[in-house]
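Note sheet for the following structure.
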Amino acid sequence: MRIILLIVILFSFYNCVEPHRIETETYEDVLIIEGRINDVVSVQKIKLSRAQRIEQIDEISESNATIWIEDSHQEVFSFHESSNGVYSSNIEFAAQPDTSYQLFISTSDGKRYESQPVDLTTQNAIENLYAQTETINGAEGVQIYATVNSNADNSEFYRYEFEETYESIIPSEYLSIFDIRIENGLYGEFDLIIYPKDEDDSTCYTTENSSKFILSNVFEVADDNNLSFPVNFLEKTNHKIRNRYSILVKQYVLTRDTYFFYKTLRDLGSVENLLLETQPGFVIGNVHSVDSDEKVIGFFEANSISSKRIFLSYSDFDFPKPQYPYECIVYTLDYNDNTSLDGDRNDRILIKSILSGQKPFRFVEKDLTQPIYTFVNPECGDCTTYSSNIIPEFW
Amino acid sequence: MDIKSFFSKLHLLFYTFFLTQMMFAQLDKSYSVAFSNLELKDVFIAIEDNSNFSFYFDEHTLDKKTYSKNYSNQSIHFILKDLLQATSVNYFIRDNDIIITNNSIIRRNLPINYFKERKDEVAKVIKNTPIFQKQFISENKGNYIIIGKESSDNSDSKHKVYGYVRDQETGRPIADLLVYIKGSSVKTTTDKNGYYLLKAPTGLNVFETKVIGFDAIKKSVIVYGEGKLDFIIKESTERLDEVIVTSKKNDFIKEAVVGITNIDIKGIKTIPLVLGDRDILKIATTMPGVKTAGEGSYGFNVRGGKADQNLILLDNAIIYNPSHLFGMFSAINPFTTGSVNLYKGSISADHGGRLSSVIDMESKSVNKKEFSGEGSISPITGNLVLEIPLKEDKVGLLTGFRMTYSDWLLKSITKSEPIKSHANFLDAILRYDHAIGDKTSLKATAYYSNDAFSIASDSTYKYSNRIASLELKHAFNTKNKASFQLYNSQYQFNIINDGNYTDNFDFGFNINETQFKTLFTKTINSKHKIDYGLSSKLYIINPGEINPLDANSDVLFRKQAQEKGLESALFISDKFKINDKFLLDLGIRYSYYLSLGEGIQNVYDPNYPLSEETILETREYGNYEKIKSYGNPEVRASIRYAINPDISIKAAYNNTVQYIHMMSSNTTASPVDSWKLSNLNIAPQKSDQYSLGLFSYFKDKTYEFSLEGYYKKMKDILDFKVGAELLLNENLETELLQGEGEAYGAEILLKKKKGKLNGWIGYSYSRSLMKLDSEFLVDRVNDGAYFPTNHDRPHDLNVIANYKLTKRYSFSMNFVYQTGRPITYPVGRYTYAGIEQVLYSDRNQYRIPDYYRFDFGINIEGNHKVKKLAHSFWNISVYNVFGRNNPYSIYFVNEDGEIKAYKTLIFSVPIPTITYNFKF
């Protein structure tokens, strides 16, 4: 009795965090406005969407809205819906210095929204993009920095986006120019047919976008004469730098208000732990409803932008070669072994099973004299199972 | 030496009686006496026969118990005191007469119109001097006490009667006891030394005493002149019955202050509490107007105030974190606590520095008569309290020690599967009381508490309170008294991260404050009583440093500069009795705060929201150099109007200022919340409160009813921006927002104080709102409109009831209902700039589910034999009988783009506990 009592007490003491089902009755249908124009002559794009339910995966785009931008010289730029929820300017244009821009939206249900007038931010392009070794939180790796001109005025706040592309090459011991397939015979029998591959599936290129807001400001840099902002950090063991790696960094010069809008969004993302929770809340932007106090989320920005690309790999930094990202499972199987009565497994049945199904194993090699085959799991024999073998244009 | 021996022919089997007569007055003579199995009556006769004393007593009032004693060379006082200590019998020696009275005639219900009739009679009697023997005999069956000398030319119509009131069992003085003359308006209360003084009219008076937890005593006294009358009163043998309840200090009808609650420590034992521990603070939070965040949080909110707005005092010294184990236990040892007063409406002028409330706890004054102890054992904690007299009636020591062995239990149960969670705590208290002469007393208290816990992680959290407090009291005369108080209090916490990673660190925070205070009390006349004094406290905060734990750690040593502040106050208050109906309690306090160096303060560009990016200038200050000063007059005013002796109306206005703020981004207080002083950029918080109350007794004071309403307006209340980083932030002000607060509510409390069934029902409806508006978008919350604060819980119902089945068995229950806390809910998701985001509602737009809980307990008293080693009782209680799954908080995490919600639960199953309590 005593022990049971204690267990009950301790159980209830220490199991104190439980998943909680989010109630979706609280869903609020809020218009999301992503309005970013820049100083590069191009088709400018505005994106409209609606907040979706927490458990809903698909985005809800806001179609059939009328969008236009007016500048302080009374020039009007009209937009049309080029794809679901994405509105493109009818003409190519670039935001100009000393001009303010205001976004107007009229949705299909007749509701009207407008932004505060915004000015184009000061141009201060990325002067240099470089990588250097660094240790962060105990992990050694390479930090990619973007440097801007430290003498420029009115350009204190920056946001970065990047697109990283990296080469994946399957381990050389599993390289094969041949593929294998099963040809079924009568009575459940099968034959193995080896044939040459029709394309190279040993080298692939993966492109990924930055997955968080990268914000910087000149105030947090100690050395005023060298304005270098960290953009992306790769640990030395990261498989992305196992071969050639490329990063394209896009820089937005922000206004103070825009910066704090993104900073708030960024800070809302994570929760440290039970004791130190952050205060969530509705994030106010600079776009508002004209007719009511309906809540909308969004910020209309006119940013000066620039971008730069660099290439690197582990060998540039004296790092050991990172591990291949997948564990390789190798089977060497004897086609002639078709019984388990001899005390070991039935190899032939195994061959059939690993070559069938959703993710068939890949052929590596065959013994010259006997029908003994070596197979490897698909991720180690064919990089197109997780990436693409199309070489990017810039490579 | 003259020895005589006696043999009684009536009852006894055997007895001997030795009497030793010395050459001085009879009282100083020593007697030796031994007897066995004699009734009191016969003992008296025996003494009478062998001395010059004559005994006067009513045979029928004496019990039939027999006594066996052996005294050698003792005074008559000693013999009688010892003989009668376990009885309700009192004696009084006047010359050669010894008058024996039995004062324990307890009338449960007086006859109807008893008071009326008596009043007339007494009034008549007062006029009738001299007094005829016959008169009082007929009225009082012969039990009377005579004070003063009867003289024919007695011109004074009133005489001073004074004396001490002591507990029969412990000899401890009883404070706050009402002593009054029945049927007249003459009354007073005892001070902390049990001393009282009143003016009694000449003639026959019936003195009565009243305090909860003790038997009422009546003494019929004939007053001829000035004299001393001591009372020895007995603790109520039926105190289980006698309630639990809280009663307002003194008489709640009569005090002018609104919103004060006195928690009766004794009552606590009949309320089922978590894990078998009696918990004073938990009881305080069952009062209407006080709200808790639920289990697992020490913080509580008084009348819509934040958790950091409560001034919690233990023996005058502040205690920053009065809780153990996330607030599951209070850190104050219940066995050592003497009284708890909770001020939520009117705060007395000598207290200040917090906006919402004062919880004034006093450890119990030490029993200087005899060694005694008290303790309890439960599967979770052990507690032992000892009271040690060092010099009889002069010097005494109280020690208390309590600790948990849950950690040890956890380890022994989970041998095979080590889990990283652990929790343990201890607290210790030492109090020293010294009576230096009749007029001066010294009290010293040392207190320490320590907690350490870890919840399934590599991080260990530790915190501790340390208090040293000294109080010297002196009575210059009966009208002028002074108290000098000095204390030092320290609170500190550490977060130790000791995993297998390279980010091992030790983070520490500590706050230290030292206060000196003087309090003078001057009774000018029967209409004015003035309290005045000054206080000054120095705060030293070490906001912390982070140390790498070992050479492998990549954490860099960082230290944030110390902060200092000096908060001083002058105060004066007057209790002005305008007439029998009106009582005014008016206090004024002027508080002055200095933010002191050394330190660095940022000056921000006023055209932008505060942020690191808008620092215009950084100013450096030398050690103890003034950074900024704030001065604020504070008014504490309350008035009472008594409609009749049983009904009164009170109104109060109070304003308070707070110069120190808790930095908590949590919705509830957590032990690792640091404190921050007001400085150049952080203004003090201010509050104005208006309250009105109706207080009433009915059904012969069986029921007590109060209805109170309040409206509160607050300024510069602190809140935090989204994602505020509070620890080790040099520019903390950039994470803070200061806004207006508004709170209002109505509180109803109905108590039944007597009978087999007793307890109380408290209900409050209250709102707590705040507004964070700014010209800057980032500093605005909910578009600058008022929104419910984190602790806005409109409905709050508490029912506490005890039912006494027999003398040994009693049942108690406790029901709590509270509206769920407001919460900011995720109301959707969206993608912005290619990144998945959670869409949150407006701040505090939704609520977590309502909180309710039902607890049940049984108390089994040990037997009621007079002679036994220790008095003991068992408490079996079940906490959360329904197993209600009350979420403590709900929070949301964006894990790899997937939004997950977690809720924190502390007790989601019924928790049985058994505790053994003993007292010796």
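Taking segment A:375-395 as the range and being more than 19 Å from A:Lys352 (Cα to Cα) and of a type in the set (S, T, N, Q) as the test, the residues that pass are A:Thr384, A:Thr385, A:Ser387, A:Ser388, A:Asn389.
Listed here are the residues, each with its yes/no results for (1) more than 14 Å from chain A (Cβ to nearest Cβ); (2) assigned to a strand (DSSP E or B); (3) under 19 Å from B:Phe425 (Cα atoms).
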{"site": "B:Ala446", "(1), (2), (3)": "yes, yes, yes"}
{"site": "B:Asn450", "(1), (2), (3)": "yes, yes, yes"}
{"site": "B:Thr478", "(1), (2), (3)": "yes, no, no"}
{"site": "B:Phe484", "(1), (2), (3)": "yes, yes, no"}
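Flag: B:Phe326 matches the condition of being modelled with pLDDT under 70 and outside any loop (DSSP other than H, G, I, E, B). Whether a residue is among the polar types (S, T, N, Q), within 14 Å of chain B (Cβ to nearest Cβ) and under 30 Å from B:Tyr832 (Cα atoms) was assessed, and A:Asn149 does not pass this test.
From the list B:Leu355, B:Leu281, B:Leu313, the one residue that fits, being under 12 Å from the mean Cα position of the chain (by Cα) and modelled with pLDDT of 85 or more, is B:Leu313. Taking the criterion of being within 7 Å of chain A (Cβ to nearest Cβ) and surrounded by fewer than 21 Cβ atoms within 10 Å (Cβ to Cβ), the only residue of segment B:818-832 that qualifies is B:Thr831.
Counting the residues of segment A:174-221 that are in contact with a Gly (Cβ under 9 Å, 6 or more places away or on another chain) and within 14 Å of another protein chain (Cβ to nearest Cβ) gives 5. Of all residues in segment B:487-517, those satisfying the criterion of being buried (at least 17 other Cβ atoms within 10 Å of the Cβ) and within 30 Å of B:Tyr195 (Cβ to Cβ) are B:Tyr487, B:Gln515, B:Lys517.
Only one of the listed residues (B:Ile876, B:Ile890) is within 14 Å of chain A (Cβ to nearest Cβ), in a strand (DSSP E or B) and modelled with pLDDT of 80 or more. That residue is B:Ile876. Could you figure out which of (1) touching a residue at least 60 places away in the same chain (Cβ under 8 Å); (2) surrounded by fewer than 20 Cβ atoms within 10 Å (Cβ to Cβ); (3) more than 14 Å from chain A (Cβ to nearest Cβ) isn't true of B:Asp315? With respect to (1) touching a residue at least 60 places away in the same chain (Cβ under 8 Å); (2) surrounded by fewer than 20 Cβ atoms within 10 Å (Cβ to Cβ); (3) more than 14 Å from chain A (Cβ to nearest Cβ), B:Asp315 is out only on (2). Scanning segment A:218-231 for residues that are in contact (Cβ under 8 Å) with a residue 24 or more places away in the chain and surrounded by fewer than 18 Cβ atoms within 10 Å (Cβ to Cβ), we see that the one that is nearest to A:Thr133 (Cα to Cα) is A:Pro230. Of all residues in segment A:203-212, those that are crowded, with 19+ Cβ neighbours inside 10 Å and either more than 11 Å from the chain's Cα centre (by Cα) or in a strand (DSSP E or B) (or both) total 2.
Considering segment B:593-705, the qualifying strands (runs of 3 or more DSSP E), each wholly inside and each with 2 or more residues that are among the basic types (Lys, Arg), run over B:626-644.
Suppose the filter is surrounded by fewer than 16 Cβ atoms within 10 Å (Cβ to Cβ), β-branched (Val, Ile, Thr) and not in a helix (DSSP H, G or I); does A:Ile349 pass it? The answer is no for A:Ile349. For segment B:833-845, filtering for residues that are farther than 16 Å from A:Asp29 by Cβ and within 7 Å of chain A (Cβ to nearest Cβ) leaves 4. Being in contact with a strand residue (DSSP E or B) (Cβ under 7 Å, 6 or more places away or on another chain), surrounded by fewer than 23 Cβ atoms within 10 Å (Cβ to Cβ), within 14 Å of another protein chain (Cβ to nearest Cβ) and modelled with pLDDT under 90 holds for only one residue in B:Thr618, B:Thr667, and it is B:Thr618.
Considering each of A:Glu167, A:Glu161 in turn, give the residue that is more than 14 Å from chain B (Cβ to nearest Cβ) and either among the aromatic types (Phe, Trp, Tyr) or in a strand (DSSP E or B) (or both). Going through A:Glu167, A:Glu161 in turn, just one is more than 14 Å from chain B (Cβ to nearest Cβ) and either among the aromatic types (Phe, Trp, Tyr) or in a strand (DSSP E or B) (or both): A:Glu167.
The residues of segment B:642-654 that are in contact (Cβ under 8 Å) with a residue 40 or more places away in the chain and within 27 Å of B:Gly352 (Cβ to Cβ), listed by number, are B:Ser648, B:Ile649, B:Lys650, B:Ala651, B:Ala652, B:Asn654.
The values are calculated or read from the model by the stated rules, or taken from the named source; none is laboratory data. Source: prediction; values computed, not measured. Here the Cβ is made from the backbone with ideal geometry for all residues, glycine too, and neighbour counts use every protein chain on show.
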